[in-house]
1. Excluding residues on the same chain fewer than 8 positions from Lys44, give the aspartates and glutamates whose Cα lies under 19 Å from its Cα.
2. Work out, step by step, the length gained on full extension between Ile16 and Lys44: first 0.36 nm times the residue separation, then minus their alpha carbon distance; give nm to one decimal.
3. Per residue of region 38-51, in order, report the coupling 6.51 cos²θ - 1.76 cosθ + 1.60 (Karplus, θ = phi - 60°) as ³J(HN,Hα) in whole Hz, putting x for Gly and Pro.
4. What nm value, rounded to one decimal, do you get for the distance between Arg111 and Asn3 when each label is placed 7 Å out toward the C-beta?
5. Would you list which lysines come within 19 Å of Lys104, measuring only between C-alpha atoms, while excluding same-chain residues fewer than 8 positions from it?
6. Could you tell me which label, among (i) 1.15; (ii) 1.00; (iii) 1.09, carries the value of Cα Rg over 2.2 N^0.38 Å calculated for this structure?
7. On full extension of the chain, what length is gained from Lys35 through Asp90, given 0.36 nm per residue of separation minus the C-alpha to C-alpha distance?
8. When a footprinting reagent is the concern and you count Cβ atoms within 10 Å, what order do Lys108, Lys50 take, fewest first?
Amino acid sequence: MKNNFIEYCLNKKGAIKDYPLGLETDPLAIKITGKIFALFYEEKGYLNLKCDPVVAENLRDQHEDIRPGYHMNKQHWNTIILEGSLPESDIFAMIDHSYNLVVKSLPKNIRESI
């Protein structure tokens with residue numbers, strides 16, 4: 001299941017994978033123009049995604065498998081438990097939200113070149 005999410009992220013325009021610790025081990029970051037929009041902790045079964053703070057709070061209240069961002073800014077990031085009860089479609093929607101937030105924050109000329 002996790003590979004579906006990694007592949008989905010990498011199919012986004014401009015997305016690349018990176019290993020922030022310099023080794024091909026956890027975590028695996030998916031970035032666009034150097035900015036992370038998804039951070040996979042495969043060994044733990046976690047996925048960190050950027051999220052609008054209001055939406056993030058609502059999601060955490062509604063789902064026990066969504067928690068404040070693991071090792072991230074708790075206001076702007078959520079951690080999703082991948083082997084939990086969330087449907088894949090919900091996780092794909094959260095990936096889209098994270099990607100769109102990062103793209104929206106890019107300068108206009110970079111956004112247009114993606």
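1. Result set, ordered by chain and number: Glu7, Asp18, Glu24, Asp26, Glu64, Asp65, Glu83, Glu88.
2. Fully extending the segment from Ile16 to Lys44 adds 7.9 nm.
3. Karplus-based 3J(HN,Hα) across region 38-51 equals 8, 9, 9, 10, 4, 5, 8, x, 10, 9, 9, 9, 5, 7 Hz.
4. With each label placed 7 Å out from Cα toward Cβ, I get 3.6 nm.
5. Lys12, Lys13, Lys31, Lys35, Lys50
6. (ii)
7. Values: separation 55, 0.36 × 55 = 19.80 nm, distance 2.26 nm.
Roughly 17.5 nm would be gained on extension.
8. Lys108, Lys50
A short reminder: the numbers here are calculations on the coordinates, not readings from a lab. What you see is a predicted model; the values in this text were computed from it and never measured. All Cβ positions, even for glycine, are placed from backbone atoms using ideal geometry, and neighbour counts span all protein chains on display.
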